[in-house]
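Worksheet: one structure, shown below.
The values are calculated or read from the model by the stated rules, or taken from the named source; none is laboratory data. Bear in mind that the values here come from a model prediction, so they are computed numbers and not experimental data. Please note: Cβ atoms are built from the backbone with ideal geometry, for glycine as well, and neighbour counts cover all protein chains shown. Surface areas here come from the heavy atoms of the whole protein model, side chains and all, with no ligands, DNA or RNA. Shrake-Rupley method; radii C 1.70, N 1.55, O 1.52, S 1.80 Å.
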Amino acid sequence: YRAKHLASGYVLYDPKYNLHSAEKLGLMAELRQAIDQNQLVLYFQPKLALKTGRVVGFEALVRWQHPRLGLLGPNDFILAAEQTGLIGSLTRWVMESALTFIQQAALQDDPLRVSVNLSARSLHDANLLEMINEAISASGTKPELLMLEITETAIVLDPVRAKKTLDALSQRGIKLSIDDFGTGYTSLASIKDLPINEIKIDRSFIKNMLTDNKDFMIIRSIIELGHNLGLTTVAEGIEDKDAMHTLLTLGCDEVQGYLICRPKASDQILLWLSENN
Ligand code: C2E
Ligand code: MG
Ligand code: MG
Ligand code: MG
(Lines give C-alpha, C1' and ligand atoms only; values in the text may rest on other atoms or scores of the structure.)
(Ligands and ions follow the chains in the order given, each with its own letter.)
Protein backbone atom coordinates (compact mmCIF):
# COMPACT_ATOMS: atom_id res chain seq x y z
CA TYR A 1 0.00 0.00 0.00
CA ARG A 2 1.28 3.41 -0.91
CA ALA A 3 -0.54 5.30 1.83
CA LYS A 4 -0.18 9.04 2.15
CA HIS A 5 -1.18 10.68 5.43
CA LEU A 6 -2.84 14.01 4.87
CA ALA A 7 -2.99 16.96 7.25
CA SER A 8 -6.72 16.39 7.60
CA GLY A 9 -6.12 12.98 9.15
CA TYR A 10 -7.47 11.13 6.12
CA VAL A 11 -5.32 8.48 4.58
CA LEU A 12 -5.16 8.57 0.85
CA TYR A 13 -4.37 5.36 -0.98
CA ASP A 14 -3.35 4.75 -4.48
CA PRO A 15 -6.73 5.11 -6.26
CA LYS A 16 -6.95 1.39 -6.92
CA TYR A 17 -7.29 0.78 -3.19
CA ASN A 18 -10.50 1.71 -1.39
CA LEU A 19 -10.79 3.94 1.64
CA HIS A 20 -11.33 2.25 5.01
CA SER A 21 -14.86 2.17 6.39
CA ALA A 22 -14.16 4.78 9.09
CA GLU A 23 -12.87 7.13 6.42
CA LYS A 24 -15.97 6.48 4.35
CA LEU A 25 -18.15 7.42 7.32
CA GLY A 26 -16.21 10.67 7.74
CA LEU A 27 -16.80 11.43 4.09
CA MET A 28 -20.54 11.06 4.43
CA ALA A 29 -20.84 14.27 6.40
CA GLU A 30 -19.41 16.00 3.33
CA LEU A 31 -21.40 14.28 0.60
CA ARG A 32 -24.50 16.45 0.92
CA GLN A 33 -22.37 19.53 0.33
CA ALA A 34 -20.49 17.78 -2.44
CA ILE A 35 -23.72 17.22 -4.37
CA ASP A 36 -24.84 20.84 -3.85
CA GLN A 37 -21.43 22.28 -4.69
CA ASN A 38 -21.00 20.29 -7.89
CA GLN A 39 -18.08 18.19 -6.70
CA LEU A 40 -19.52 15.11 -8.35
CA VAL A 41 -18.19 14.38 -11.83
CA LEU A 42 -19.67 11.94 -14.28
CA TYR A 43 -17.23 9.81 -16.23
CA PHE A 44 -18.20 7.84 -19.31
CA GLN A 45 -16.83 4.63 -20.79
CA PRO A 46 -17.72 3.61 -24.35
CA LYS A 47 -19.47 0.36 -25.21
CA LEU A 48 -18.53 -1.16 -28.56
CA ALA A 49 -20.42 -3.47 -30.89
CA LEU A 50 -17.89 -6.30 -31.24
CA LYS A 51 -18.62 -7.24 -34.88
CA THR A 52 -18.47 -3.73 -36.30
CA GLY A 53 -16.22 -2.00 -33.77
CA ARG A 54 -18.67 0.90 -33.61
CA VAL A 55 -19.52 2.73 -30.40
CA VAL A 56 -23.11 1.96 -29.40
CA GLY A 57 -23.24 3.88 -26.16
CA PHE A 58 -21.58 4.76 -22.88
CA GLU A 59 -21.75 3.70 -19.26
CA ALA A 60 -21.94 6.60 -16.81
CA LEU A 61 -19.64 6.11 -13.79
CA VAL A 62 -19.76 8.62 -10.96
CA ARG A 63 -16.67 10.19 -9.35
CA TRP A 64 -16.25 12.65 -6.51
CA GLN A 65 -13.67 15.39 -6.99
CA HIS A 66 -12.93 15.80 -3.30
CA PRO A 67 -11.26 19.12 -2.36
CA ARG A 68 -8.62 17.41 -0.18
CA LEU A 69 -8.63 13.74 -1.15
CA GLY A 70 -8.65 14.09 -4.91
CA LEU A 71 -10.73 11.97 -7.26
CA LEU A 72 -12.72 9.29 -5.41
CA GLY A 73 -14.38 6.28 -7.05
CA PRO A 74 -17.92 5.07 -6.36
CA ASN A 75 -16.72 2.22 -4.16
CA ASP A 76 -15.68 4.89 -1.65
CA PHE A 77 -19.10 6.50 -1.29
CA ILE A 78 -22.05 4.71 -2.96
CA LEU A 79 -22.71 2.27 -0.12
CA ALA A 80 -22.53 4.98 2.51
CA ALA A 81 -24.75 7.21 0.35
CA GLU A 82 -27.33 4.42 0.45
CA GLN A 83 -27.05 4.11 4.21
CA THR A 84 -27.39 7.84 4.85
CA GLY A 85 -30.28 8.38 2.46
CA LEU A 86 -28.26 10.61 0.13
CA ILE A 87 -28.47 8.10 -2.70
CA GLY A 88 -31.73 9.66 -3.95
CA SER A 89 -30.06 13.02 -4.59
CA LEU A 90 -26.98 11.33 -6.01
CA THR A 91 -28.99 9.19 -8.43
CA ARG A 92 -31.00 12.21 -9.56
CA TRP A 93 -27.80 14.14 -10.24
CA VAL A 94 -26.30 11.20 -12.16
CA MET A 95 -29.50 10.73 -14.17
CA GLU A 96 -29.75 14.41 -15.14
CA SER A 97 -26.06 14.63 -16.05
CA ALA A 98 -26.11 11.38 -18.06
CA LEU A 99 -29.17 12.40 -20.06
CA THR A 100 -27.80 15.87 -20.73
CA PHE A 101 -24.57 14.28 -21.97
CA ILE A 102 -26.34 11.86 -24.31
CA GLN A 103 -28.46 14.66 -25.70
CA GLN A 104 -25.16 16.38 -26.67
CA ALA A 105 -23.66 13.18 -28.04
CA ALA A 106 -26.85 12.54 -30.03
CA LEU A 107 -25.76 15.30 -32.40
CA GLN A 108 -23.67 12.54 -34.06
CA ASP A 109 -25.24 10.35 -36.77
CA ASP A 110 -26.20 7.29 -34.78
CA PRO A 111 -28.21 7.75 -31.62
CA LEU A 112 -25.95 6.63 -28.79
CA ARG A 113 -27.32 5.22 -25.57
CA VAL A 114 -26.25 5.98 -22.00
CA SER A 115 -26.29 3.36 -19.24
CA VAL A 116 -26.83 4.48 -15.65
CA ASN A 117 -26.10 2.23 -12.66
CA LEU A 118 -28.93 1.95 -10.13
CA SER A 119 -28.26 0.95 -6.55
CA ALA A 120 -30.72 -1.34 -4.77
CA ARG A 121 -32.20 1.57 -2.84
CA SER A 122 -32.77 3.58 -5.98
CA LEU A 123 -34.39 0.66 -7.79
CA HIS A 124 -36.86 0.29 -4.94
CA ASP A 125 -37.42 4.03 -4.50
CA ALA A 126 -41.13 4.80 -4.97
CA ASN A 127 -40.23 8.05 -6.80
CA LEU A 128 -37.87 6.44 -9.31
CA LEU A 129 -40.10 6.58 -12.40
CA GLU A 130 -41.22 10.13 -11.67
CA MET A 131 -37.63 11.26 -11.15
CA ILE A 132 -36.52 9.62 -14.42
CA ASN A 133 -39.47 11.12 -16.32
CA GLU A 134 -38.52 14.57 -15.07
CA ALA A 135 -34.88 14.06 -16.05
CA ILE A 136 -35.92 12.84 -19.53
CA SER A 137 -38.16 15.89 -20.09
CA ALA A 138 -35.57 18.33 -18.77
CA SER A 139 -32.87 16.94 -21.09
CA GLY A 140 -35.10 16.66 -24.12
CA THR A 141 -33.82 13.18 -24.90
CA LYS A 142 -35.76 9.99 -25.69
CA PRO A 143 -36.41 7.28 -23.08
CA GLU A 144 -35.09 4.68 -25.57
CA LEU A 145 -31.60 6.17 -25.23
CA LEU A 146 -31.52 5.45 -21.50
CA MET A 147 -30.46 2.07 -20.19
CA LEU A 148 -30.49 1.19 -16.50
CA GLU A 149 -27.97 -1.28 -15.05
CA ILE A 150 -29.34 -3.26 -12.14
CA THR A 151 -27.63 -5.99 -10.16
CA GLU A 152 -29.13 -9.37 -9.40
CA THR A 153 -28.77 -8.58 -5.70
CA ALA A 154 -31.05 -5.53 -6.02
CA ILE A 155 -33.71 -7.65 -7.72
CA VAL A 156 -33.50 -10.53 -5.26
CA LEU A 157 -34.05 -8.09 -2.37
CA ASP A 158 -37.71 -7.78 -3.40
CA PRO A 159 -38.44 -9.64 -6.65
CA VAL A 160 -42.17 -8.81 -6.73
CA ARG A 161 -41.60 -5.11 -6.37
CA ALA A 162 -38.64 -5.21 -8.75
CA LYS A 163 -40.84 -6.78 -11.44
CA LYS A 164 -43.46 -4.03 -11.06
CA THR A 165 -40.84 -1.30 -11.31
CA LEU A 166 -39.00 -2.91 -14.23
CA ASP A 167 -42.27 -3.48 -16.11
CA ALA A 168 -43.18 0.20 -15.71
CA LEU A 169 -39.72 1.37 -16.83
CA SER A 170 -39.80 -0.96 -19.82
CA GLN A 171 -43.26 0.26 -20.84
CA ARG A 172 -41.88 3.78 -20.77
CA GLY A 173 -39.33 2.67 -23.38
CA ILE A 174 -36.31 2.57 -21.06
CA LYS A 175 -33.83 -0.29 -21.65
CA LEU A 176 -32.75 -2.61 -18.85
CA SER A 177 -29.51 -4.45 -18.18
CA ILE A 178 -28.42 -6.93 -15.52
CA ASP A 179 -24.99 -5.83 -14.30
CA ASP A 180 -22.24 -8.10 -12.95
CA PHE A 181 -24.15 -11.10 -14.25
CA GLY A 182 -23.10 -14.43 -12.82
CA THR A 183 -22.02 -13.16 -9.41
CA GLY A 184 -25.44 -12.82 -7.77
CA TYR A 185 -28.04 -15.30 -6.66
CA THR A 186 -30.31 -15.24 -9.67
CA SER A 187 -30.21 -17.45 -12.67
CA LEU A 188 -31.34 -16.71 -16.18
CA ALA A 189 -34.44 -18.74 -15.29
CA SER A 190 -35.43 -16.34 -12.53
CA ILE A 191 -35.05 -13.27 -14.72
CA LYS A 192 -36.97 -14.76 -17.63
CA ASP A 193 -40.17 -12.98 -16.60
CA LEU A 194 -38.45 -9.60 -16.32
CA PRO A 195 -38.34 -7.20 -19.31
CA ILE A 196 -34.54 -7.33 -19.55
CA ASN A 197 -32.74 -6.31 -22.76
CA GLU A 198 -29.12 -7.02 -21.86
CA ILE A 199 -26.84 -8.95 -19.54
CA LYS A 200 -23.35 -7.83 -18.62
CA ILE A 201 -20.99 -10.68 -17.83
CA ASP A 202 -19.02 -9.82 -14.72
CA ARG A 203 -15.40 -8.79 -15.06
CA SER A 204 -14.30 -11.53 -12.64
CA PHE A 205 -15.03 -14.14 -15.35
CA ILE A 206 -13.49 -12.08 -18.13
CA LYS A 207 -10.27 -11.51 -16.20
CA ASN A 208 -9.21 -15.15 -16.27
CA MET A 209 -11.08 -16.41 -19.29
CA LEU A 210 -7.94 -17.32 -21.23
CA THR A 211 -6.25 -19.15 -18.35
CA ASP A 212 -9.17 -20.65 -16.43
CA ASN A 213 -11.20 -23.09 -18.47
CA LYS A 214 -14.12 -22.95 -16.03
CA ASP A 215 -14.41 -19.17 -16.43
CA PHE A 216 -14.27 -19.66 -20.18
CA MET A 217 -17.09 -22.23 -20.03
CA ILE A 218 -19.21 -19.96 -17.82
CA ILE A 219 -18.81 -17.10 -20.29
CA ARG A 220 -19.67 -19.36 -23.22
CA SER A 221 -22.78 -20.61 -21.44
CA ILE A 222 -23.96 -17.13 -20.44
CA ILE A 223 -23.62 -15.90 -24.03
CA GLU A 224 -25.47 -18.91 -25.41
CA LEU A 225 -28.29 -18.78 -22.86
CA GLY A 226 -28.53 -15.00 -23.20
CA HIS A 227 -28.96 -15.29 -26.94
CA ASN A 228 -31.51 -18.08 -26.59
CA LEU A 229 -33.55 -15.69 -24.43
CA GLY A 230 -33.15 -12.87 -26.96
CA LEU A 231 -30.82 -10.75 -24.82
CA THR A 232 -27.83 -8.67 -25.86
CA THR A 233 -24.68 -9.96 -24.19
CA VAL A 234 -21.98 -7.56 -23.03
CA ALA A 235 -18.55 -8.33 -21.57
CA GLU A 236 -17.11 -5.79 -19.13
CA GLY A 237 -13.48 -5.25 -18.15
CA ILE A 238 -11.70 -6.22 -21.39
CA GLU A 239 -8.02 -5.54 -20.94
CA ASP A 240 -6.39 -7.54 -23.71
CA LYS A 241 -6.79 -8.19 -27.40
CA ASP A 242 -6.83 -11.99 -27.15
CA ALA A 243 -9.77 -11.89 -24.76
CA MET A 244 -11.61 -9.56 -27.11
CA HIS A 245 -10.97 -11.85 -30.06
CA THR A 246 -12.14 -14.89 -28.11
CA LEU A 247 -15.34 -13.07 -27.14
CA LEU A 248 -15.93 -12.29 -30.81
CA THR A 249 -15.66 -15.98 -31.72
CA LEU A 250 -18.08 -16.80 -28.89
CA GLY A 251 -20.62 -14.39 -30.41
CA CYS A 252 -20.58 -11.83 -27.59
CA ASP A 253 -22.39 -8.71 -28.85
CA GLU A 254 -20.71 -5.83 -27.05
CA VAL A 255 -17.55 -5.07 -25.08
CA GLN A 256 -16.31 -2.48 -22.66
CA GLY A 257 -12.91 -2.16 -21.02
CA TYR A 258 -9.60 -0.40 -20.56
CA LEU A 259 -8.33 -1.97 -23.80
CA ILE A 260 -10.84 0.13 -25.71
CA CYS A 261 -11.02 3.20 -23.50
CA ARG A 262 -10.84 4.07 -19.82
CA PRO A 263 -13.74 6.00 -18.30
CA LYS A 264 -13.24 9.73 -18.96
CA ALA A 265 -15.00 13.03 -18.26
CA SER A 266 -17.55 14.14 -20.87
CA ASP A 267 -15.37 16.55 -22.88
CA GLN A 268 -12.54 13.99 -23.02
CA ILE A 269 -14.88 11.22 -24.11
CA LEU A 270 -16.45 13.35 -26.85
CA LEU A 271 -12.92 14.06 -28.08
CA TRP A 272 -12.12 10.33 -27.99
CA LEU A 273 -15.34 9.65 -29.89
CA SER A 274 -14.52 12.10 -32.65
CA GLU A 275 -11.12 10.47 -33.09
CA ASN A 276 -12.20 6.83 -32.82
CA ASN A 277 -15.65 6.35 -34.30
P1 C2E B 1 -19.85 -1.56 -12.62
O2 C2E B 1 -21.15 -0.97 -12.98
O3 C2E B 1 -19.72 -3.03 -12.78
O4 C2E B 1 -18.78 -0.77 -13.49
C5 C2E B 1 -17.62 -1.32 -14.00
C6 C2E B 1 -16.39 -0.90 -13.22
O7 C2E B 1 -15.23 -1.47 -13.81
C8 C2E B 1 -16.12 0.60 -13.18
O9 C2E B 1 -15.49 0.89 -11.95
C10 C2E B 1 -15.14 0.78 -14.33
O11 C2E B 1 -14.36 1.95 -14.20
C12 C2E B 1 -14.32 -0.47 -14.18
N13 C2E B 1 -13.70 -0.92 -15.44
C14 C2E B 1 -14.07 -0.69 -16.71
N15 C2E B 1 -13.25 -1.31 -17.58
C16 C2E B 1 -12.32 -1.94 -16.84
C17 C2E B 1 -11.17 -2.76 -17.16
O18 C2E B 1 -10.85 -3.04 -18.31
N19 C2E B 1 -10.45 -3.24 -16.11
C20 C2E B 1 -10.76 -2.95 -14.82
N21 C2E B 1 -9.98 -3.45 -13.86
N22 C2E B 1 -11.84 -2.20 -14.47
C23 C2E B 1 -12.60 -1.70 -15.47
P24 C2E B 1 -15.92 2.15 -11.06
O25 C2E B 1 -16.13 3.32 -11.96
O26 C2E B 1 -14.95 2.27 -9.95
O27 C2E B 1 -17.34 1.73 -10.50
C28 C2E B 1 -17.49 0.68 -9.59
C29 C2E B 1 -18.93 0.36 -9.36
O30 C2E B 1 -19.60 1.45 -8.73
C31 C2E B 1 -19.71 0.12 -10.64
O32 C2E B 1 -19.48 -1.20 -11.10
C33 C2E B 1 -21.13 0.36 -10.17
O34 C2E B 1 -21.64 -0.78 -9.55
C35 C2E B 1 -20.93 1.44 -9.14
N36 C2E B 1 -21.30 2.74 -9.71
C37 C2E B 1 -20.61 3.52 -10.58
N38 C2E B 1 -21.28 4.66 -10.86
C39 C2E B 1 -22.45 4.59 -10.18
C40 C2E B 1 -23.59 5.45 -10.07
O41 C2E B 1 -23.70 6.51 -10.69
N42 C2E B 1 -24.60 5.04 -9.24
C43 C2E B 1 -24.54 3.85 -8.55
N44 C2E B 1 -25.58 3.52 -7.77
N45 C2E B 1 -23.49 3.02 -8.65
C46 C2E B 1 -22.45 3.38 -9.44
MG1 MG C 1 -22.41 -1.04 -14.45
MG1 MG D 1 -20.60 -4.25 -14.13
MG1 MG E 1 -18.78 -4.74 -11.69
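Structure data summary
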| read-out | value |
| --- | --- |
| Most fluctuating residue given options Gln256, Gln103, Gln171, as computed from a GNM of the chain linking Cα atoms under 10 Å | Gln171 |
| At most 15 other Cβ within 10 Å, DSSP loop - trypsin sites (Lys or Arg not before Pro), the range 177-240 | Lys192 |
| Between the range 56-120 and the range 216-277, the alpha-carbon center distance in angstrom | 20 Å |
| Calculated [θ] (222 nm, deg cm²/dmol) that DSSP helices of n ≥ 4 give over the chain, each run adding -39,500 (n - 2.57) | -12500 deg cm²/dmol |
| Among beta bridges that DSSP assigns inside the chain, antiparallel share in %, nearest 5 | 45 percent |
| Links that overshoot a 23 Å alpha carbon limit, given the list Lys24/Lys200; Lys175/Lys241; Lys51/Lys207; Lys47/Lys264; Lys241/Lys264; Lys51/Lys175 | Lys24/Lys200; Lys175/Lys241 |
| J(HN,Hα) series, the range 82-98, from Karplus relation 6.51 cos²θ - 1.76 cosθ + 1.60, nearest Hz, glycine and proline x | 5, 6, 9, x, 8, 4, x, 5, 5, 4, 4, 4, 4, 4, 4, 5, 5 |
| Per residue value of the accessible surface for the chain (all protein chains in place, 1.4 Å probe), Å² | 50 Å² |
| Per-residue HN-Hα couplings for the range 207-214 [Karplus 6.51, -1.76, 1.60; θ = phi - 60°; Hz; x = Gly/Pro] | 3, 10, 4, 8, 10, 10, 5, 5 |
| Karplus-derived HN-Hα couplings along the range 168-184 (A = 6.51, B = -1.76, C = 1.60, θ = phi - 60°), whole Hz, x at Gly and Pro | 5, 5, 5, 5, 6, x, 6, 8, 10, 10, 9, 8, 6, 4, x, 9, x |
| Solution diffusion estimate, µm²/s, Stokes-Einstein, the chain, Kirkwood Rh from C-alpha pairs, 25 °C, viscosity 0.890 mPa s | 125 µm²/s |
